[in-house]
Amino acid sequence: MKITEALIAEHGAFYAQLDYLEKTLPSMKTLAEIKASAALLECALKTHAKLEDDLFAVLEPSLDQLGKLETVRHDHEAIDTCLAMIKHAKSRPEAQRILSRVAHVIRHEFDLEERIIFPMAEKLLRPETLLKLGKMWAAKREVTVS
């Protein structure tokens, strides 16, 4: 499996989580419930972002030339900042607003990756490199890919 295929598949799992989060967020009754949902999302995003960073490091010169490197960094920083803000939120409405913003930024980031970055990787990297990175992904995720 190529790394691009693996990361897109992970996006699919995140989309389901974001859909559920956006559906249930308005009815969450407590600040603790919102913070727990944000913590779960953050935990999953950390490992996903690290795996993407490995791919982006290979693509960095091309991303920079397209002006997309700054966009990727900005989105990642915005997500991290918002998730940290939720930890310190004092009210349920504040945390709901921030978590809703996080979901929006994540969707924007995934769209950029799926429309521009992953196709760029497919064009610029050799198939063997994409497969090697995919094997590294499988090892880190502790899954077997034939």
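The values are calculated or read from the model by the stated rules, or taken from the named source; none is laboratory data. If you're wondering where the values come from, they're calculated on a predicted model, not measured in any experiment. Because the Cβ atoms are built from the backbone with ideal geometry, glycine has one as well, and the counts that use them run over all protein chains shown.
Worth pointing out:
- Filter pass, Phe56 being aromatic (Phe, Trp, Tyr), modelled with pLDDT of 95 or more and surrounded by 14 or more Cβ atoms within 10 Å (Cβ to Cβ): no
- Of all the residues in the stretch 118-146, those that are more than 15 Å from Lys50 (Cβ to Cβ), part of a helix (DSSP H, G or I) and either among the hydrophobic types (A, V, I, L, M, F, W, C) or under 20 Å from the mean Cα position of the chain (by Cα) (or both) number 10.
- Taking first residues from the stretch 119-141 that are in contact (Cβ under 8 Å) with a residue 24 or more places away in the chain and partners that are assigned to a helix (DSSP H, G or I) and of a type in the set (A, V, I, L, M), the Cβ contacts under 6 Å between residues at least 6 apart in sequence or on separate chains come to Ala121/Leu59; Leu130/Ile3; Leu133/Ile3; Gly134/Ile3; Gly134/Ala6; Trp137/Ile3; Trp137/Ala6; Trp137/Leu51.
- Taking residues in the stretch 91-104 that are under 24 Å from His11 (Cα atoms), and partners anywhere that are surrounded by fewer than 16 Cβ atoms within 10 Å (Cβ to Cβ) and of a type in the set (D, E, K, R), the pairs with Cβ atoms closer than 6 Å and at least 6 places apart or on different chains are Ala103/Glu22.
- Any chance Ala38 is of a type outside the set (Ser, Thr, Tyr), modelled with pLDDT of 90 or more, assigned to a helix (DSSP H, G or I) and within 18 Å of Phe14 (Cβ to Cβ): yes
- Residue list for the stretch 87-103, filter: assigned to a helix (DSSP H, G or I) and surrounded by 14 or more Cβ atoms within 10 Å (Cβ to Cβ): Arg92, Glu94, Ala95, Gln96, Arg97, Ile98, Leu99, Ser100, Arg101, Val102, Ala103
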